[in-house]
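The values are calculated or read from the model by the stated rules, or taken from the named source; none is laboratory data. Everything numeric here is computed off the predicted structure, so don't read it as measured data. Neighbour counts run over all protein chains shown; Cβ positions are idealised from the backbone, glycine included. Just the protein is used for accessible areas: all its heavy atoms, side chains included, with ligands, DNA and RNA removed. Shrake-Rupley method; radii C 1.70, N 1.55, O 1.52, S 1.80 Å.
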Amino acid sequence: MKNKSAHQIAHVLIEALPYIQRFKDKTIVVKYGGNAMIDETLKHSFARDIVLMKLVGLNPIVVHGGGPQIGDLLKRLGKTSEFVDGMRVTDSETMDVVEMVLGGLVNKEIVSLINQHGGKAVGLTGKDGDFIHARKIHMTRAMPEGQESEIIDIGHVGEVQSIDPEVVEMLGKSHFIPVIAPIGVGKDGHSYNINADLVAGKIAEVLKAEKLMLLTNTTGILDKEGNLLTGLSVTDIDALIADGTISGGMIPKTRCATDAIKGGVNSVHIIDGRVEHAVLLELFTDQGVGTLLVRRRSS
């Protein structure tokens, strides 16, 4: 049995070798969220994956969310969360909580976990080094014919205007692992809460990353029969949205993925963060554990 186990380990290492060689010195941006941020086993599994990536010569950059944690603290403070089209209405008081949770509690926990497993992580928000420039999102609500659209102010919710990658590039090319909370700063000096998928995608674009990996609570992109789809092109994604195969919350995630590919990222992976060591399995094995998106499908 021991001999068989040793052969299995050797097989796994040999299978990983060409991927390690191919991705050495490449930047991999990982959006961390969902169950992987809540389940204790998965949290440690993710941290070890990131440490191993760095040790074998890759440059991982972690961007994290924290919506459930923000909601929990607001609830404890007696503040009701209100959403418009899936976006949290964020007044000044709520933004203080967002910064406390994302830039403090969640960010520092991820940094601590990575360091606990032998890495050297550094926590950042987009305000550090002024590297995520944000602009306020203005939302409109359609009104009956003949009436002007209603403009809805959802407060300190923003989108990425531009990225200054100097701080992240400096850290990524050293021994450090950047861990980024998706908070940007506007020209007005105010902080803005930005969707973590969008921040990860824009950082991957600006850094011309080899890969963008989006951890989710789903297996990946499924066809109408529930089978996992992979090796999809931008054209494939457009067709799957048009025929309703991709719907609901998966639409913005796949749009983020295709935007990143159009912006110069070589490939995007939408993977199941509920699987232990999902990041390593997708990067270093032939089978993988999610949906791979590429610029164009190989013939």
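Results, tabulated for the structure shown:
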read-out	value
VAL89, sole failed condition from (1) under 18 Å from GLU159 (Cα atoms); (2) open to solvent by less than 80 Å² (accessible area, probe 1.4 Å); (3) without any contact (Cβ under 8 Å) to a residue 60 or more places away in the chain	(3)
Residue list for the stretch 92-108, restricted to those being under 16 Å from ILE180 (Cβ atoms) and without any contact (Cβ under 8 Å) to a residue 24 or more places away in the chain	GLY104, LYS108
Residue list for the stretch 178-193, restricted to those being under 15 Å from the mean Cα position of the chain (by Cα) and either part of a loop (DSSP other than H, G, I, E, B) or more than 23 Å from ASP85 (Cα to Cα) (or both)	PRO178, VAL179, ILE180, PRO182
The stretch 255-277 - residue that is under 20 Å from ALA204 (Cβ atoms) and without any contact (Cβ under 8 Å) to a residue 40 or more places away in the chain and, of those, surrounded by the fewest Cβ atoms within 10 Å (Cβ to Cβ)	LYS262
Pair list, Cβ under 6 Å, 6 or more apart: the stretch 229-254 residue in contact (Cβ under 8 Å) with a residue 40 or more places away in the chain and under 19 Å from VAL289 (Cα atoms), other residue β-branched (Val, Ile, Thr) and assigned to a helix (DSSP H, G or I)	ILE237/THR254; ILE237/THR258
Considering residues of the stretch 284-299 that are modelled with pLDDT of 90 or more and in contact with a helix residue (DSSP H, G or I) (Cβ under 6 Å, 6 or more places away or on another chain) only, the residue surrounded by the most Cβ atoms within 10 Å (Cβ to Cβ)	LEU293
Residues of the stretch 171-204 satisfying the condition of being open to solvent by 10 Å² or more (accessible area, probe 1.4 Å) and touching a Ser or Thr at 6+ places or on another chain (Cβ under 7 Å)	VAL185, ASN193
Answer from LEU42, LEU52, LEU17, LEU13 - the residue that is over 17 Å from the mean Cα position of the chain (by Cα) and surrounded by 14 or more Cβ atoms within 10 Å (Cβ to Cβ)	LEU52
Residues that are in contact (Cβ under 8 Å) with a residue 24 or more places away in the chain and farther than 25 Å from THR254 by Cα, drawn from the stretch 13-38	GLU15, ALA16, ILE20, LYS24, ASP25
Single residue of the stretch 206-223 satisfying the filter (open to solvent by 40 Å² or more (accessible area, probe 1.4 Å) and among the hydrophobic types (A, V, I, L, M, F, W, C)) that is nearest to the chain's Cα centre (by Cα)	VAL206
Any hit, the stretch 225-233, residues being under 23 Å from VAL63 (Cα atoms) and surrounded by 15 or more Cβ atoms within 10 Å (Cβ to Cβ)	no
Entirely in the stretch 51-143, the strands (runs of 3 or more DSSP E) that have 1 or more residues that are out of contact with any helix residue (DSSP H, G or I) (no Cβ under 8 Å at 6 or more places or on another chain) and at pLDDT below 90	139-141
